[in-house]
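A.B. asks: One structure, pasted below without further comment.
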Amino acid sequence: MFETDRTDILISALRDYLRDAAHSDEVKQEIAEAFYDDDIAFEELKDLVGHEEAANFRLLKEQLTDEFVDEVAEELADS
């Protein structure tokens, strides 16, 4: 009868809801934490918060790696 699967409709509705809710700072923080914990991929992050915000989260995630923290700690110790 319907050409669209109910699961697809629910997923689409949830994505729309999350996209709208992503403007809340609390929700953005939870989305970012999911990305930092590798629970969601960059493409999903981008769909939820937009390309620019996602790029900022990705840059911060890269800066939070152990190697980066070790480098900064070493630089601070040397100065």
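The values are calculated or read from the model by the stated rules, or taken from the named source; none is laboratory data. In this text the structure is predicted, and so the values were computed from the model without any measurement. So basically every Cβ, Gly included, is an ideal-geometry build from the backbone, and we count neighbours across all protein chains shown. The area values use the complete protein model at the heavy-atom level, side chains included, leaving out ligands, DNA and RNA. Shrake-Rupley method; radii C 1.70, N 1.55, O 1.52, S 1.80 Å.
A.B. asks: Can you report the number of residues in the stretch 1-36 which are open to solvent by 100 Å² or more (accessible area, probe 1.4 Å) and closer than 23 Å to L64 by Cα?
C.D. replies: Result for the stretch 1-36: 3.
A.B. asks: Quickly run through the stretch 33-66 and pick out the residues that are closer than 20 Å to Y17 by Cβ, among the charged types (D, E, K, R) and in contact (Cβ under 8 Å) with a residue 24 or more places away in the chain.
C.D. replies: Once the filter is applied, which keeps residues that are closer than 20 Å to Y17 by Cβ, among the charged types (D, E, K, R) and in contact (Cβ under 8 Å) with a residue 24 or more places away in the chain, the stretch 33-66 yields D47, E53.
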